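The values are calculated or read from the model by the stated rules, or taken from the named source; none is laboratory data. What you see is a predicted model, and the numbers here were worked out from it, not measured in a lab. Cβ: placed from backbone, ideal geometry, glycine included. Neighbour counts: every protein chain shown.
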Amino acid sequence: MTPQQYCRDKAAKSGSSFYYSFLFLPVKKREAIMALYAFCREVDDAVDEISDPLVAAQTLAWWRQEISRTFAGQATHPVGKALAETLHDFDLHEEYFHEIIDGMEMDLTQHRYPAYKNLALYCHRVASVVGLLSAQIFGFSDRKTLKFAEKLGLAFQLTNIIRDVREDAERGRIYLPLDEMQQFGVTEQSVLALKQTEALTELLKFQTQRAEQFYQEAMQLLPEQDRHNQCTALIMAEIYRTTLHEIAHDNFPVMKQRISLTPIRKLWLAWRTLRREKKRIKSHR
């Protein structure tokens, strides 16, 4: 199995919304973004799938070394080798990969966030930085596109937090800011007990408004001349935002079920977004 095949399999098996947006990219960009995604999955799994925090920390420390080896042309892991091949074609910054690992390490030591400003740092590291690397792979001509990528990353992570309240609580983690939980009358105990309450629903409505604000700000920041290159990011946004709308439409039953879109619907959203963007480009020409 080649490093690229390893990364493709990692992306496909995850069932992630990202995978369906990658399918429409040219080969070099597709292989680069799948290598990046596979890296994110590896370090995320190190935290979520390894029950011993010490072993998880050691695994993340190993990945730090692997990233350093990758940028030195000495990668040993299939993901590192796949990433190494992309460095010739894309301006990917090593410190961004270390910052993603910083975010994953927060999950080992920090399971509560006093306020949104504390959560924002976590979201920046695990999502916005991924957005910045993705923007480099997709290509851009205006640096406003990097601001678009940062905002979109925040929107994606907040969508994940809303969708995964139960899954996170089962791991003992709460990503909803504690001061806002108190404001809406939601206790840590009720979340950890997986209780679906009216207070939780109201809190998630508030979080959804914040996520929507980031989606809107991101779209306003994307320069017209970069929409074509960033079409994959726009496909991701369509899939993620639709998922958020589905959760809201069902009145946030996050403690009862994990709401996700079917593969067919994700593909349809991807195709529809691609078609819309092609029409937009033609009309602007």
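Just a few scattered comments:
- Among the residues making up segment 61-101, those that are of a type in the set (Lys, Arg) and in contact with a Phe, Trp or Tyr (Cβ under 9 Å, 6 or more places away or on another chain) are Arg64, Lys81.
- Residues in segment 100-127 that are within 14 Å of Leu178 (Cβ to Cβ), surrounded by fewer than 19 Cβ atoms within 10 Å (Cβ to Cβ) and in contact (Cβ under 8 Å) with a residue 40 or more places away in the chain: His111, Arg112, Pro114, Ala115, Tyr116, Asn118.
- Residues located in segment 9-54, provided they are under 23 Å from Ser260 (Cα atoms) and of a type in the set (Asp, Glu): Asp9, Glu42, Asp44, Asp45, Asp48, Glu49
- Test: residue in segment 207-219 that is among the hydrophobic types (A, V, I, L, M, F, W, C), at pLDDT below 95 and assigned to a helix (DSSP H, G or I): no
Each row is one residue, and each column tells you yes or no for (1) under 30 Å from Val191 (Cα atoms); (2) within 20 Å of the chain's Cα centre (by Cα); (3) assigned by TED's automatic domain parsing to the domain that holds Thr145.
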position: Thr232; (1), (2), (3): no, yes, yes
position: Met236; (1), (2), (3): yes, yes, yes
position: Glu246; (1), (2), (3): yes, yes, yes
position: Pro253; (1), (2), (3): yes, no, yes
position: Ile264; (1), (2), (3): no, no, yes
position: Trp271; (1), (2), (3): no, no, yes
position: Arg276; (1), (2), (3): no, no, yes
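- Residues in segment 186-200 that are in a helix (DSSP H, G or I) and either surrounded by fewer than 17 Cβ atoms within 10 Å (Cβ to Cβ) or in contact with a Cys (Cβ under 9 Å, 6 or more places away or on another chain) (or both): Glu188, Gln189, Leu192, Glu198, Ala199.
- Filtering segment 220-232 to residues that are of a type in the set (A, V, I, L, M, F, W, C) and either modelled with pLDDT under 95 or outside any helix (DSSP H, G or I) (or both) leaves Leu222, Cys231.
- Residues in segment 128-156 that are of a type in the set (Phe, Trp, Tyr) and surrounded by 24 or more Cβ atoms within 10 Å (Cβ to Cβ): Phe148, Phe156.
- Residue count for segment 198-218, restricted to those that are closer than 12 Å to Val254 by Cβ and touching a Ser or Thr at 6+ places or on another chain (Cβ under 8 Å): 1
- Selection of first residues in segment 130-148 that are assigned by TED's automatic domain parsing to the domain that holds Asn229 and of second residues that are of a type in the set (Val, Ile, Thr), restricted to Cβ pairs under 7 Å at least 6 apart or on distinct chains, gives the following pairs, ordered by first then second residue: Val130/Ile100; Ser134/Ile33; Ala135/Thr145; Ile137/Ile33; Phe138/Thr232.
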